[in-house]
Amino acid sequence: MRRVLVVLPFYGGSLPVGRYCVSALREVGCIVETFESPAFFGAFSAIKELGVSVERQEYLENSFLQVVTQAVLAMAERFEPDLVLSMAQAPLSRQGLGKLRKEGVATAMWFVEDYRLFTYWRAFAPLYDGLAVIQKEPFFSELAAAGVANALYLPLAAEPAIHKPLALSLVDRARFGAELSFMGAGYPNRRAAFRRLKSKGLKIWGTEWEDDPELFPLVQMQGQRIRTEDTVRIFNAAAINLNLHSSARAEELVSGGDFVNPRTFEIAACGAFQLVDSRALMPPLFAADELATFRSMDEVEEKIAWFAARPEERAAYAERGRARVLRDHTYAARMHALLAFISERL
């Protein structure tokens with residue numbers, strides 16, 4: 001698998017992951033080209049502004065996606081990849097995948113989303129030669145029932161060249177520093193949970209908070225989308241990084257779900273301290289002394305008070321967490337595992 005074409009999505013959480021994969025594939029010795037779907041996003045978005053009927057809009061969007069797929073196929077024809085790697089929600093149609101298979105080009109997708117919420121995998125998963133996922137059972141059983149035999153559990157990771165400790169200036173510490181910091185979107189469970197933490201010196205960074213009058217005063221930079229380099233500064237500058245996984249259910253403040261979000265690996269790679277809600281798939285990834293976890297809002301409030309007064313203990317957790325990520329949880333390690341998996345099955 002020397003030559004890899006990576007197909008990025010238009011936008012979203014899997015876009016930066018795709019870019020990390022490009023760097024990691026080069027690091028492990030691959031020749032890589034990138035299909036830059038974001039370059040087409042403006043035109044795709046313009047379709048929504050036409051004011052046409054729902055049926056006409058769907059027709060235009062599907063037609064546009066077919067055009068983008070043809071562009072992917074044209075790049076594949078020129079580049080002659082051994083593998084086409086699609087990120088979640090990459091614009092590659094069923095017809096396009098069928099053509100790649102007919103021409104003998106291996107395909108894989110890294111589905112870095114919750115399979116329960118994003119169900120389009122049912123239509124696309126059987127068409128890939130390999131499907132990497134961030135969840136285990138019952139997802140694997142459902143994939144098998146859908147005729148998908150080539151599934152690989154591949155958790156998310158960090159990119160050490162980007163997610164790393166920083167020597168912050170006084171200006172950056174004043175701008176990004178916080179006793180308690182959260183970086184992420186305003187999902188319903190987070191909105192409900194953070195109302196209990198308003199008095200803890202909480203600063204919030206990220207989007208989708210503007211319609212919450214109670215929490216928006218805590219949101220920094222007017223709720224703008226945060227650049228990756230500033231995200232790394234935020235992680236480095238916080239005494240405590242709060243990492244609460246998202247849930248669409250407001251009553252489910254601490255969901256106790258399965259997959260581990262990218263923020264878990266990224267904060268740890270920065271050598272920063274985090275309090276993260278416990279997840280079913282977390283124990284094999286991190287030891288108990290590498291991440292400080294919580295299972296309820298009562299517990300997180302207790303641990304915020306405990307760790308706020310113990311900087312040496314925070315530093316020890318951060319050091320152990322960073323060492324674990326650098327050893328086991330880099331994108332280079334993930335790409336090595338994915339390439340080996342695909343090669344074994346071809």
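The values are calculated or read from the model by the stated rules, or taken from the named source; none is laboratory data. Keep in mind it's a predicted model, so treat the numbers as computed, not measured. Every residue, glycine as well, gets a Cβ built from its backbone with ideal geometry; the counts of neighbours run over all protein chains shown. Surface areas here come from the heavy atoms of the whole protein model, side chains and all, with no ligands, DNA or RNA. Shrake-Rupley method; radii C 1.70, N 1.55, O 1.52, S 1.80 Å.
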- Looking at (1) surrounded by fewer than 18 Cβ atoms within 10 Å (Cβ to Cβ); (2) in contact (Cβ under 8 Å) with a residue 24 or more places away in the chain, which is the only condition Pro283 fails? (2)
- Task: All but one of (1) in contact with a Lys or Arg (Cβ under 6 Å, 6 or more places away or on another chain); (2) farther than 14 Å from Asp82 by Cα hold for Ser14, so report the exception by its number.
- Result: (1)
- Task: Sort out which residues of region 291-328 are outside any helix (DSSP H, G or I), hydrophobic (A, V, I, L, M, F, W, C) and open to solvent by 70 Å² or more (accessible area, probe 1.4 Å), and write them in order of number.
- Result: Ala309
- Message: Just the residues that are surrounded by fewer than 23 Cβ atoms within 10 Å (Cβ to Cβ), assigned to a helix (DSSP H, G or I) and either within 17 Å of the chain's Cα centre (by Cα) or of a type in the set (Gly, Ala, Ser) (or both), please, taken from region 233-262.
- Response: Ala237, Pro262
- Query: If you take the residues in region 45-57 that are assigned to a helix (DSSP H, G or I) and free of Cβ contacts under 8 Å to residues at least 12 places away in the same chain, which one is surrounded by the most Cβ atoms within 10 Å (Cβ to Cβ)?
  - Reply: Gln57
- Filter result for Ala106 (over 23 Å from the mean Cα position of the chain (by Cα), within 25 Å of Ala332 (Cβ to Cβ), open to solvent by less than 10 Å² (accessible area, probe 1.4 Å) and at pLDDT 95 or above): yes
- Query: Name the residues in region 211-232 that are more than 22 Å from the chain's Cα centre (by Cα) and open to solvent by less than 30 Å² (accessible area, probe 1.4 Å), would you?
  - Reply: Asp212, Leu215
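Table: residues versus (1) aliphatic (A, V, I, L, M); (2) open to solvent by less than 50 Å² (accessible area, probe 1.4 Å); (3) more than 26 Å from Arg334 (Cβ to Cβ).
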site: Phe35; (1), (2), (3): no, yes, no
site: Ala43; (1), (2), (3): yes, no, yes
site: Tyr59; (1), (2), (3): no, no, yes
site: Phe79; (1), (2), (3): no, yes, no
site: Ala88; (1), (2), (3): yes, yes, no
site: Leu97; (1), (2), (3): yes, yes, no
- Message: Take Ala157 and tell me if it is hydrophobic (A, V, I, L, M, F, W, C), touching a His at 6+ places or on another chain (Cβ under 9 Å) and surrounded by 12 or more Cβ atoms within 10 Å (Cβ to Cβ).
- Response: yes
- Message: Give all pairs with beta carbons closer than 9 Å in which a residue from region 182-199 that is among the hydroxyl-bearing types (Ser, Thr, Tyr) meets a residue that is open to solvent by 50 Å² or more (accessible area, probe 1.4 Å); count only pairs at least 6 apart in sequence or on separate chains.
- Response: Tyr187/Glu208; Tyr187/Ala248
- Quick one: would you say Gly29 is surrounded by fewer than 21 Cβ atoms within 10 Å (Cβ to Cβ) and either under 27 Å from Ile134 (Cα atoms) or within 23 Å of the chain's Cα centre (by Cα) (or both)? yes
- Message: Residues to consider are Ala74, Ala24; find the one that is under 17 Å from Gly130 (Cβ atoms), open to solvent by less than 70 Å² (accessible area, probe 1.4 Å) and modelled with pLDDT of 95 or more.
- Response: Ala24
- What single numbered condition from (1) farther than 30 Å from Ala315 by Cβ; (2) open to solvent by less than 20 Å² (accessible area, probe 1.4 Å); (3) assigned to a helix (DSSP H, G or I); (4) not aromatic (Phe, Trp, Tyr) fails to hold for Ala193? (1)
- Does Leu65 satisfy the criteria of being part of a helix (DSSP H, G or I), surrounded by 15 or more Cβ atoms within 10 Å (Cβ to Cβ) and not β-branched (Val, Ile, Thr)? yes
- Residue check: is Leu92 farther than 20 Å from Pro16 by Cα, touching a helix residue (DSSP H, G or I) at 6+ places or on another chain (Cβ under 6 Å), surrounded by 13 or more Cβ atoms within 10 Å (Cβ to Cβ) and touching a residue at least 12 places away in the same chain (Cβ under 8 Å)? no
- List the number of the failed condition for Ala149; all other conditions in (1) within 16 Å of Pro9 (Cβ to Cβ); (2) touching a helix residue (DSSP H, G or I) at 6+ places or on another chain (Cβ under 9 Å) hold. (1)
